[in-house]
1. Could you state the number of Å between the C-alpha centres of the range 184-230 and the range 306-357?
2. How would 410, 353 line up by accessible area, probe 1.4 Å, largest first?
3. At 1.4 Å probe size, what's the solvent-accessible area of residue 225? Round to the nearest 10 Å².
4. Accessible area, 1.4 Å probe, largest first: how do 247, 122, 217 sort?
5. Using a 1.4 angstrom probe on the protein heavy atoms only, line up 74, 202 by accessible area, largest first.
6. What is the distance, in nm, between label points placed 7 Å from the Cα along the Cα-to-Cβ direction at residue 430 and at residue 75?
7. Any idea how far apart residue 292 and residue 258 come out in nm if each label point goes 7 Å out from Cα toward Cβ?
8. Roughly what would the spin-label model give for residue 123 and residue 412, points 7 Å off Cα along C-beta, in nm?
Amino acid sequence: MGSIVEPWAIAENGNANATAKGLSRELRHGRTAHNMSSSSLRKKSDLRLIQKVPCKTLKNILSNLQEVILGTKLTLLFLAIPLAILANSYHYARPLIFGLSLIGLTPLAERVSFLTEQLAFYTGPTVGGLLNATCGNATELIIAILALANNKVAVVKYSLLGSILSNLLLVLGTSLFFGGIANIRRQQRFDRKQADVNFFLLLMGLLCHLLPLLLKYAATGEASTSMINKMSLSLSRTSSIVMLVAYIAYLIFQLWTHRQFFEAQEDDDDDAYDDEVTVEETPVIGFWSGFAWLVGMTIVIALLSEYVVATIEDASDSWGLSVSFISIILLPIVGNAAEHAGAIIFAFKNKLDISLGVALGSATQISLFVVPLSVIVAWILGIKMDLNFNILETSSLALAIIITAFTLQDGTSHYMKGLVLLLCYVIIAACFFVDQIPQHQPNGIDVGLQPMNNLGEVFSA
């Protein structure tokens with residue numbers, strides 16, 4: 001579609017077009033890396049046939065379907081959504097339901113990013129940025145809340161840890177590797193200021209994970225297990241509140257006081273990229289349509305996430321994989337595939353600032369927003385979830401942050417840096433693949449190949 005807003009989209013909001021034009025330049029230079037990454041998976045919509053429809057209401061509906069459902073290169077993956085619902089309704093194999101639900105979440109995550117960007121044209125870049133900050137990792141947040149509602153604390157910890165590791169090592173490593181190969185005769189540079197801010201926050205989040213773990217080893221023989229667990233839980237809840245305060249400060253820093261640190265850098269000689277961005281300078285759907293689609297997409301994400309949470313143990317038993325491996329490796333790879341692909345595409349175009357913004361920004365959002373919010377939600381639900389992710393998981397997180405920080409310290413990149421990050425991710429994945437020993441959480445949860453259906457009995461004890 002061109003840069004002109006269709007009449008039926010304007011009709012939903014009287015001054016939408018004027019607002020969009022006034023904000024277009026500001027939005028162009030204030031879009032988050034997450035939005036710009038997802039835009040690489042969108043495709044132009046041909047509305048010439050729809051424009052011939054005489055009924056205005058029908059025309060509006062068809063144009064929305066065209067833009068939202070068919071306006072992505074991942075359209076075919078939408079078929080997994082009704083298949084997952086049918087498989088669950090007719091009681092097909094639960095591992096099949098798990099796999100179909102994971103595939104169905106992939107296009108939904110990309111469409112949520114598209115819809116938040118569309119709403120930003122009407123609300124302005126600041127409110128749009130806040131909306132994106134809230135919905136940017138909606139899939140992980142919804143899965144975490146539903147898993148907590150089912151007392152599956154280990155799944156919450158593993159899936160959130162996996163998302164951070166995936167962004168730091170897999171997404172960033174793949175982007176740097178393929179970006180370096182595609183630009184092998186050209187030195188790739190990026191602005192370190194954004195990366196520095198994210199690493200400061202990631203290290204602070206790591207500290208909040210380390211201290212509850214160290215309490216376990218620092219306790220003397222006089223301290224009982226219940227006392228240690230109580231201290232760890234109290235410290236984790238306090239730390240979670242501090243992490244949320246830090247995240248709010250991060251949003252203020254990103255959206256108001258130092259917005260220039262997080263703006264995607266543009267090159268004057270990259271005309272093709274400029275043309276691509278220009279296409280997205282005006283909204284293609286109205287405000288209320290976008291809001292309705294966003295609510296609907298969120299409901300579908302919640303439904304598929306419920307299927308994922310309910311069938312993960314069955315998939316573990318059927319596939320011979322531990323719950324930890326599925327949660328840490330498979331869930332983040334499949335669930336965030338669209339975002340990951342966008343980061344890689346922009347690395348090919350030598351737009352490393354966008355790729356870094358996707359990987360580091362998402363990791364920071366999960367570490368300082370989704371993880372502590374999960375602890376607070378568990379607290380409200382009366383569930384004992386702390387920030388102790390166990391020694392193996394916390395060590396993997398610490399090493400991933402340190403290795404990535406060293407990789408990006410000089411502001412330049414080449415394919416060897418990406419290869420090292422990828423190999424580190426492969427090593428960590430292999431570790432959790434071979435680790436089939438049931439692990440003991442500080443609150444007494446056994447995880448591994450064991451089913452987790454009896455977790456409610458553990459907490460009620």
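The values are calculated or read from the model by the stated rules, or taken from the named source; none is laboratory data. These numbers come from a predicted model, not from an experiment. Neighbour counts are summed over all protein chains in view; Cβ atoms, including those assigned to glycine, are modelled from backbone coordinates with ideal geometry. Calculation scope for accessible area: heavy atoms of the full protein, side chains included, ligands and nucleic acids excluded. Shrake-Rupley method; radii C 1.70, N 1.55, O 1.52, S 1.80 Å.
1. 22
2. Working: 410 85, 353 25 Å².
Largest accessible area first, the residues go 410, 353.
3. 100
4. Values: 247 10, 122 35, 217 140 Å².
Largest accessible area first, the list is 217, 122, 247.
5. Listed by decreasing accessible area, they come as 74, 202.
6. Distance between the two pseudo-spin positions: 4.2 nm.
7. With each label placed 7 Å out from Cα toward Cβ, I get 4.2 nm.
8. 4.2
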